[in-house]
Each structure stands twice: as structure tokens, then as C-alpha cells.
Amino acid sequence: MSALEGFEGFEGFEGFEGFEGFGRSGQSSAGSLVAHRDGIVGSWVPSGATPATAWVSGELKQGDPDLLKRWDPRIRRFVLESELLSSLYFAADAPSLATPHRSTLFTFKTDGSALDGSNAPKGAWSTFVTMTRPPEATLLKQLDLVNGYADLRADRAREILAQKSPQFSFWGSVVPLYPDRHARTIEVLQLVLRLAKYAEMNFKHALCVRRAHEYSPQIQPMIQTPIHGSLPSGHSTEAHAVARVLCKLVETAGATLAKTLQLRQLMMRQAARIAINRTIAGVHYPVDSMAGQMLGLAIGEHFIQRATAGTTATVKVASCEFHGDAYPRGEDFTGAEIYDVQTDALKATSYLTSVAAAVPIDKAPNLAWLWREARKEWA
């Protein structure tokens, strides 16, 4: 799988030009290589204890994050994903018809012990993100909004179809992304998307909110409805997580506040539009997008802090809770209800509780390496 999966127009990036036949074209390449070696290898000369070339001299320092540059991006992804997921734990309340169903994502902070594999980490779990399911009456009222948005389908159809897969082309229209120049940045964004998916799918499964077309045959979505729960919206979660991380990644020390705010505002507007397009398509309620925005911004901040936290100082992120049972039944979503562009923080509402700097987290050494490499691409 290419690091640029879903990046329209860059399908060839996975292959190394000039080496397409190496290990890919079957017997013809294998036979050519066998014959070629026989013609040039000569008599076997034992290498002895000393490596023959400088690039393999000496022992490799095990566990050094800088070793990540030696691996294929797909292998790096496994290492980095396990590092990210090792600090997250998901739990749900016992099913009940009497009370609103609630699910929580926890994050882990060690007691300061080394994380180099010399001992098992010890620490405590903290509540990170909690969501309460909206009642049926709220979902039924939200149907009115979904139906109203259908009038925009003709105008937004091309956008909606183009945004079904990861929206690299759209992000790249605001922040210039070039495969040859920003390979590590794209790896970062792929990790953000994967982390967001793990979080959103657990909430979707636990809360199990029916899709709009399951309540009314008149909704008739214009695209295939995904076969999983409706809340939170995955597109909203992922787009807002990417917006937050990408803004932080590309910001420069010399940028003016006006420039920083302009970039942040455009990325957040874009994320909101991507989310709203899913309501226009008939596959999400506005409340799904609101819950997804909260989760995406939280996941994005968690990612940033784990990638940039100091080695000794305790770093904290905000904890947040989405109260679906308190959500106003006719509330729409524009992207500005729970997020303040000026402060880059969540705003408290009747249905959202956010406590700043409430959750301690640890630095992720391997993720920090990738973040540093990606930052170099924007120097």
C-alpha cells in the first residue's frame, strides 16, 4: 500500500522509476538476474568479520528511532501505529435502554519509567474523550435537516464523490503537498487518518446509531451508505484531525499571527465542508459531524503532543465529553459551534464539556522522529 493511497494523480509514487521489474515481473526478471550474477560474481571471497562497505560498518544501535529511516514506509507504519495505540484504551458502558449509552476513550501516562523495552511501563489511565448517544427523538428531528440538505446534491455531487476516499487533493489545494518533497508529511497524515479511524470506529460500534435512511425511505442517499454506525461521522473526525495536525506541522516560527489564523481558518472551513457534504449526500446527521469534529480535534491534539512532548516535562491535553442526550434536536452544524479559530480550542456548550490540560500523556520517541523529518520538509 502506497503512502499516497487516495492521493489522486500520484499512483506511480509507490514504484521506484527504473526498478519496476525488480521482483515484480516474475520469471523473466528472476532468470535475468540469475544469468547476470553467474556472469560477474567470480570466485567466492569470504567477507570475514569486518563489513565490506562503510554503510554497513559497526553494530546498529537497537531501538534508536533514527533507524526508522532504513525501513520501508509500510514497516514504519506498523511500528508507529503500535506506539500510538499502546497509549489508548476504549471502553463502553453496559447496554441499557433506561439511560443514554456512553462510551469513553482513555489515554495512558507512564510513571516515568524508561520506555526503551528494558521494563514494562507502569502508570495510570485517564479519561480522554467520552460520548453519549443522542436519543431517538433527536435523531428523528435531525431527519428534517438531512432532508433539507438534499436540495444541494446537484451542486455538490462532484465534491461528494471526490471526497469518498482520503481528501489529499483537497488538503493539497490549501497546503501545497508534493510527493517528492513531502513524503514524510504524507506519512504523518496517513498515521493521523489511521488513528482517527481506530477511535471513530470504536465509538460507532459502541453507540450504534442508525443511519438516516433506516428511519425514512425518502432520504435516499446519493452514494452507498457505509455499513457501520452513523455517530460520529468518520469524514468529520478525519478531516478535522488532519486540519489540526497539518496546520501545526507546517507553521513556521516567522509566520505572523494573521497568516497562522488564515491557514487555520481555511483548513477548518474545508474540514467542515467535507463533513457537511456527507449530510448533503444523505449518509449523516449534523449531530454526527459535530461529534466527529470534537473527536477529530481531540485526536489531532493528542497526536501533536505525543510527537512533540519533551522527554521529561509532563504534557497534558484537554479531556472532552460530547453529551448527545443534551444536543438540541434541531441543531445544525457549520463547524463554528464548538471550535474557536482564534484560540485553537474547543468551546463549552450545553452538549460539550472540555477541560483544558487535564490529561497527561507521554512522548512517543518513534513518532517524534517522523515529526522532525516531516518538519524539515517545510523549512
inquiry  = Show me the ranking of peptides 132-142, 195-205, 277-287 by mean Cβ neighbours inside 10 Å, starting with the highest.
reply    = 277-287, 195-205, 132-142
For LEU266, solvent-accessible area (1.4 Å; no DNA, RNA or ligand), Å² = 80
Calculated log₁₀ intensity ratio I(q)/I(0) where the Debye formula runs over C-alpha points of segment 100-240, q = 0.19 Å⁻¹ = -1.24
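Heavy atoms only, 1.4 Å probe, whole protein assembly: order ARG273, ARG77 by accessible area, highest first.
Working: ARG273 100, ARG77 50 Å².
The most accessible residue leads, giving ARG273, ARG77.
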remark   = For 240-252, 160-172, ranked highest to lowest by mean beta-carbon neighbours within 10 Å, the order is 240-252, 160-172
query = What residues qualify as long-range amide H neighbours of TYR339, i.e. H under 5 Å apart, gap of 5 or more or another chain, H built at 1.01 Å from N?
reply = LYS347
key: Reachable lysines from LYS122, criterion Cα separation under 21 angstrom, eight or more residues apart if same chain   = LYS109, LYS316, LYS363
note = For segment 147-228, the dipole about the Cα centre with charges only on Cβ (Lys and Arg +1, Asp and Glu -1), to the nearest 20 debye, works out at 160
note = Residues meeting the amide H criterion for PHE128 (H placed from the backbone, H to H distance under 5 Å, 5 or more places apart or on another chain) are LEU105, PHE106, THR107
task = Starting from the Cα of THR252, step 7 Å along the direction of its Cβ; do the same at TRP125; then give the gap between the two resulting points in nm.
result = 4.4
key: ³J(HN,Hα), Karplus 6.51/-1.76/1.60, whole Hz, each residue of segment 178-192, x for Gly, Pro   = 10, x, 6, 9, 10, 4, 6, 4, 5, 4, 4, 5, 5, 5, 4
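The values are calculated or read from the model by the stated rules, or taken from the named source; none is laboratory data. Note that the coordinates shown come from a computational prediction; the quantities given were computed from them, not determined experimentally. Every residue, glycine among them, receives a Cβ derived from its backbone with ideal geometry; neighbour counts consider all protein chains shown. We work out accessible area using only protein heavy atoms, side chains counted, and drop any ligands, DNA or RNA first. Shrake-Rupley method; radii C 1.70, N 1.55, O 1.52, S 1.80 Å.
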